[in-house]
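The values are calculated or read from the model by the stated rules, or taken from the named source; none is laboratory data. On a predicted model such as this, the values are computed, not experimentally measured, just so you know. Using ideal geometry, Cβ is built from the backbone for each residue, glycine included, and neighbour counts are taken over all protein chains shown.
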Amino acid sequence: MTSKESQSAKFIDLHGHHSSSKSEDRDFLYIYSYSPKINDLPEEGQFFSAGVHPWEIEDARTSFEEVKRLCGDSNCLMVGEAGLDRSIVDDSDLRQQEEVFKWHIQLANELKKPLIIHNVKCLSEIFRLHKQFPNHSNWVLHDFNGSLSDIQECQKRSIAMSLGPRFYESQTARIAHTISDHKIDLNLIFFETDERGDINIQTIYEKFAQKQEIEIDDLKDRIWQNLKALLGTNLTS
Ligand SMILES: [Zn+2]
């Protein structure tokens with residue numbers, strides 16, 4: 001067993017935009033998501049991802065140059081968030097978003113790092129691109145809230161799904177029910193706080209474990225295994 005394999009599981013906050021002292025806690029692993037023009041730069045020693053957010057693609061070339069530089073850093077665990085958002089544009093701008101998104105797909109492939117994806121009402125485009133780019137790195141859809149058939153398509157393609165505060169705060173918690181009702185394998189599931197620095201990721205794990213009727217430690221171990229599979233050799237501590 002290597003030293004990497006012997007590490008004990010931590011709670012993972014796969015995606016957040018708040019600076020977090022929790023990232024220094026030994027029981028938590030937090031990946032700060034940096035987007036030029038939106039967020040502050042990652043702190044020294046902090047794990048992070050970097051990408052041009054589809055909300056800020058004006059002057060995307062310059063932003064992407066910065067993203068490329070940052071993504072080469074060993075503390076950068078993923079490329080993104082990048083992706084497609086139909087809620088803010090008409091179809092011609094969506095093409096521009098797609099162009100910028102493709103740069104990130106290629107960068108993730110070159111660096112062999114996972115790609116964390118922002119999606120609003122563009123899942124079919126994302127599946128199309130997933131098919132179009134052969135030998136892609138691992139993909140994760142952040143703030144995932146899809147239907148059963150979306151989950152099944154993700155499973156078919158081995159695209160991971162990160163569940164944000166939405167699943168646990170909404171009254172119906174639809175996604176959590178879909179997962180338990182249909183006994184969805186948890187091998188592609190992650191959790192995140194996204195914009196919500198006020199929520200502790202452990203609380204999200206606890207709510208999910210309750211709904212799935214599994215032990216919190218089992219859930220923690222399973223999600224930790226998922227992270228190892230997602231990051232491969234890039235998981236360092
Ligand atoms: Zn985000």
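Descriptive notes on the structure:
- Long-range neighbours under 6 Å by Cβ, at least six apart or interchain, first residue under 18 Å from residue 39 (Cβ atoms) within segment 63-90, second more than 16 Å from the ligand (Cβ to nearest atom) and aromatic (Phe, Trp, Tyr): 64/103
- Scanning segment 124-142 for residues being part of a helix (DSSP H, G or I), under 16 Å from the mean Cα position of the chain (by Cα) and modelled with pLDDT under 95 gives a total of 0.
- Matching residues in segment 170-184 - criterion: being under 19 Å from the mean Cα position of the chain (by Cα) and not in a loop (DSSP other than H, G, I, E, B): 175, 176, 179
- Residue list for segment 101-113, filter: away from the ligand (no atom under 15 Å from the Cβ) and of a type outside the set (D, E, K, R): 103, 105, 106, 107, 108, 109, 111
- Filter result for the condition that a residue is under 21 Å from residue 13 (Cα atoms), within 18 Å of the chain's Cα centre (by Cα), outside any loop (DSSP other than H, G, I, E, B) and not hydroxyl-bearing (Ser, Thr, Tyr), over 187, 145: 187
- Close pairs (9 angstrom Cβ cut-off, 6 or more residues apart or separate chains): on the phi > 0 side of the Ramachandran plot in segment 190-212, assigned to a helix (DSSP H, G or I) and surrounded by fewer than 17 Cβ atoms within 10 Å (Cβ to Cβ) anywhere: 194/166
- Scoring residue 20 on the criteria (1) surrounded by fewer than 12 Cβ atoms within 10 Å (Cβ to Cβ); (2) modelled with pLDDT under 90 leaves a single failure, condition (1).
- Beta carbons closer than 6 Å, at least 6 apart along the sequence or on distinct chains, pair a first residue in segment 121-150 that is in contact (Cβ under 8 Å) with a residue 40 or more places away in the chain with a second that is among the β-branched types (Val, Ile, Thr) and within 16 Å of the ligand (Cβ to nearest atom) for 140/116; 142/116.
- Residue in segment 103-123 that is in a helix (DSSP H, G or I), β-branched (Val, Ile, Thr), out of contact with any Phe, Trp or Tyr (no Cβ under 7 Å at 6 or more places or on another chain) and surrounded by 16 or more Cβ atoms within 10 Å (Cβ to Cβ) present: no
- If you go through segment 195-214 and keep only what is in contact with a strand residue (DSSP E or B) (Cβ under 6 Å, 6 or more places away or on another chain) and within 16 Å of the ligand (Cβ to nearest atom), you end up with 201, 204.
- Residue match in segment 29-37 (condition: part of a loop (DSSP other than H, G, I, E, B) and surrounded by fewer than 20 Cβ atoms within 10 Å (Cβ to Cβ)): yes
- Residue check for residue 49: within 16 Å of the ligand (Cβ to nearest atom) and farther than 26 Å from residue 154 by Cα: no
- Tally of residues being modelled with pLDDT of 90 or more, surrounded by 13 or more Cβ atoms within 10 Å (Cβ to Cβ), more than 16 Å from the ligand (Cβ to nearest atom) and of a type outside the set (A, V, I, L, M, F, W, C) across segment 179-194: 1
- The residues in segment 56-91 that are over 15 Å from the mean Cα position of the chain (by Cα), crowded, with 16+ Cβ neighbours inside 10 Å and within 14 Å of the ligand (Cβ to nearest atom) can be counted, and the count is 1.
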